[in-house]
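Only the coordinates and a few stated rules stand behind these numbers; no lab work does. All of these numbers come straight from a predicted model, not from anything done at the bench. Methodologically, a virtual Cβ is constructed for each residue, glycine included, from the backbone with ideal geometry; neighbour enumeration extends over all protein chains shown.
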Amino acid sequence: MGLICFAGVALRTPTPSPTQASTATASTNKKSQDTAKGGSLSMGDRSFMREAATGGMMEVAMGRQAEQNASNPEVKRFGARMVTDHSKANSELKSLASKKGVELPAEKEPSKWKSDKDYMDAMVKDHEKDLADFEKQAKNGSDPDVKQFAEKTSTVVRKHLDLAKEIQGKLK
């Protein structure tokens, strides 16, 4: 019977001291402030960042292929521009993701394309989708830093799309 009484005493939750109570309240208040400042991203913001990273890495990888394998000099230059511009955006996104605690996906092997026209067709299609996604995020995202990244990058994506369409129109 003495063991049962002792077990009952051990299972009771101790009353927090005034110091412990104020520390717990401060921690709760800090979490609320972090959430209000964007310290906790919405699922939409996180999803956008992961998709942007995947797409950006693919643009770089396919751009490298175009630089090496394209026969048309404009397609080669376009590929080089994809490597430069998307590498820069990817670096900015990685930094933002690190700051926001978002783990980005690993790089994947790019799909192969058969001709310069196939590559440029893919670039037009990809950039049309990307532009819509970036503009939507810039308008509807919940985190101001992610929205700013989307807005800034959408202007570059629009230029890429315009150039891709121009080059695509010249290829047969």
Low-density loop chymotrypsin sites (Phe, Trp or Tyr not before Pro), the range 46-129, at most 13 other Cβ within 10 Å, DSSP non-H/G/I/E/B, are none
For the range 42-170, give the magnitude of the charge dipole about the Cα centre (Cβ charges: +1 Lys/Arg, -1 Asp/Glu; no others), in debye to the nearest 20.
100
Sites Ser142 and Glu107 - FRET efficiency at Förster radius 30 Å, r taken between beta-carbons, to 0.05
0.65
